[in-house]
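Reviewing the structure listed below.
The values are calculated or read from the model by the stated rules, or taken from the named source; none is laboratory data. Source: prediction; values computed, not measured. Here the Cβ positions follow ideal geometry from the backbone for every residue, glycine too, while neighbour counts run over all protein chains shown.
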Amino acid sequence: MRWSSRIGVGAGVGLGALVGVGWAGLKVEPAPFPPHREHTGPLESTPIPDDLPPPVARYFSATAGNRLPRIGSAVVTGQAQLRLFGLTFPSRVRFTHLVGQGYRHYIESTWFGYPIVKVNEWYLDGRARMELPFGVVANEPKADMAANLNLWGEAIWFPSAFVDRRVRWEAVDDATARLIVPFEPSEDSLMVRFDGATGLIQWMEAMRYRDAKDEAKIPWRFESREWRTFHGLLVPSNGTIQWMDQREPWFVMSVEDVAYNVDVSQYIRSSGL
């Protein structure tokens, strides 16, 4: 009994040390991805439409001034905290967009700064494909619908997409408007809330599927926390993504670099960095 007790205590100490080392690895931030290889050149601009709901018009004025930069592609690079399997992993991320057409998300979640989980997600030609740690999701209509909401929600980093001829705004009240976006032969929508003092977007919320096999949609929200100017355009530099049936966000992102109107025609269809 004496030796088994000592063995039990030793095993407990060893397990505790292992857990401690594991937690320490989740506190180490990874080295950031390098900026995109191409640099943003001069941006052409277009007048802001004069038929927008008042909170939308104030938002464009706050972010871009009198004219809105025309953006056809964007590469958004940053760091994130990503909750997986009940643990929060330091991560580095890159979102690549052909504005209003498709995107690719590349995410590396790390331990002691080394990637241990890699995620590749595409939404191209109207179809979503996700290479996730637990398998591949593809050819799933509900995943396509969810990805389409990502496509338009992430336009908060390149808001000229919000005046695309295929989208429209509907007034709700002095601080809220509904963004109607195309999806296949039909439409979908996001509710957008604006800060009364700054005019900036506080949050964007939509009903969307969390998993491809879900029976019902769940409220999903992007909330902006901080804003920063990149290439003359004020965009969120810190934000969260949360399923509203959960108590906290599952994704928190800080933007470090943005490149606009660069050639992503091949990069968006590749994988990895």
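Need at least 2 residues that are modelled with pLDDT of 95 or more per element, so show me which strands (runs of 3 or more DSSP E) inside the range 77-187 make the cut, counting only ones lying wholly within it.
In the range 77-187, the matching strands (runs of 3 or more DSSP E) lie at 87-98, 102-111, 114-124, 127-132, 168-173, 176-183.
Would the range 244-259 turn up any residue that is touching a His at 6+ places or on another chain (Cβ under 6 Å) and either closer than 26 Å to residue 101 by Cβ or buried (at least 18 other Cβ atoms within 10 Å of the Cβ) (or both)? Outline the logic, then answer.
First, the residues of the range 244-259 that are touching a His at 6+ places or on another chain (Cβ under 6 Å): 259.
From the residues that got through so far, the ones that are either closer than 26 Å to residue 101 by Cβ or buried (at least 18 other Cβ atoms within 10 Å of the Cβ) (or both) too are 259.
Yes, the range 244-259 has at least one match.
Conditions tested, residue by residue: (1) under 20 Å from residue 65 (Cα atoms); (2) more than 20 Å from the chain's Cα centre (by Cα); (3) among the charged types (D, E, K, R); (4) not assigned by TED's automatic domain parsing to the domain that holds residue 45.
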{"position": "162", "(1), (2), (3), (4)": "yes, no, no, no"}
{"position": "182", "(1), (2), (3), (4)": "no, no, no, no"}
{"position": "188", "(1), (2), (3), (4)": "no, no, yes, no"}
{"position": "204", "(1), (2), (3), (4)": "no, no, no, no"}
{"position": "210", "(1), (2), (3), (4)": "no, no, yes, no"}
{"position": "225", "(1), (2), (3), (4)": "no, no, yes, no"}
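Please tell me if residue 64 is surrounded by 15 or more Cβ atoms within 10 Å (Cβ to Cβ), under 19 Å from residue 169 (Cα atoms) and free of Cβ contacts under 8 Å to residues at least 12 places away in the same chain.
Working: surrounded by 15 or more Cβ atoms within 10 Å (Cβ to Cβ): yes; under 19 Å from residue 169 (Cα atoms): yes; free of Cβ contacts under 8 Å to residues at least 12 places away in the same chain: no.
Criteria not met by residue 64.
I'd like to verify a number: residues in the range 128-140 that are free of Cβ contacts under 8 Å to residues at least 60 places away in the same chain, surrounded by fewer than 16 Cβ atoms within 10 Å (Cβ to Cβ) and either within 20 Å of residue 205 (Cβ to Cβ) or of a type outside the set (A, V, I, L, M) (or both), how many?
The number of residues fulfilling the criteria is 4.
Take the residues in the range 201-226 that are touching a residue at least 40 places away in the same chain (Cβ under 8 Å) and in a strand (DSSP E or B); name whichever of them is nearest to residue 259 (Cα to Cα).
224
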